[in-house]
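Below is one structure; the comments refer to it alone.
The values are calculated or read from the model by the stated rules, or taken from the named source; none is laboratory data. Small disclaimer: the values here were computed from a predicted structure and weren't measured. Please note: Cβ atoms are built from the backbone with ideal geometry, for glycine as well, and neighbour counts cover all protein chains shown. Remember, those area values only see protein heavy atoms, side chains included, never the ligands or the DNA or RNA. Shrake-Rupley method; radii C 1.70, N 1.55, O 1.52, S 1.80 Å.
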Amino acid sequence: MSNVFSKFATSIAGMSGKPGAFVLAVTLVLVWAISGPFFGYSETWQLVINTSTTVITFLMVFVLQNSQNRDGKALQAKLDELILTSQAQNKFVGIEKLDEESLREMSRTLAEKAECVEDVADEKTKRGQASA
């Protein structure tokens, strides 16, 4: 069942992101708006668009979340593979599972290292300019 939903979610997410889907949505809203005078702008006429958009939005949340979750996991797997096959520190594999405070601490540590690397690069640039 999960595999069927994943395939369904992928195809729906793909179709909903295309210009044709947007044009269809705009067309349906325009048809609804133009039909207003024929229905006397009644509460039922308003209820049609409100209910339709609410139901579609509610269902699309699940479809798009499924696609986004799978994309995130695939991206994470690719990054983990790059870490494992490079000279990067293997401690970064799986850090997405750490708690918020641990992630903040790791981010602070990396920012400090980046500043040190930037300082060294600036120093080398100044020495290179002085030599030239």
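The figures follow:
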| read-out | value |
| --- | --- |
| The chain: calculated mean residue ellipticity at 222 nm from DSSP helix runs of at least 4, using -39500 (n - 2.57) | -28500 deg cm²/dmol |
| Dipole moment magnitude, nearest 20 debye, the chain about Cα centre, only Lys, Arg, Asp, Glu C-beta charged | 500 |
| Listed residues LYS113, LYS97, LYS18, most fluctuating in the chain (Gaussian network, C-alpha, under 10 Å) | LYS113 |
| Acute angle (nearest 10 degrees) that the helix 19-34 long axis makes with the longest principal axis of the chain, alpha-carbon atoms | 40 |
| Between 0 and 90°, nearest 10: helix 100-131 axis offset from the chain longest Cα axis | 50 |
| Evaluated over region 88-132, the Cα radius of gyration and Dmax, each in Å | 15.9, 49 |
| Tilt relative to the chain, helix 2-16 - C-alpha long axis, 0 to 90 degrees, to 10 | 80 |
| Unit charges at the beta carbon, dipole of the chain: most positive-side option, ALA111, GLN89, VAL48 | VAL48 |
| Gyration tensor (Cα) of the chain, equivalent ellipsoid semi-axes in angstrom | 51, 22, 15 |
| Portion, in percent, of the accessible area of the chain that falls on carbon or sulfur, probe 1.4 Å | 66 |
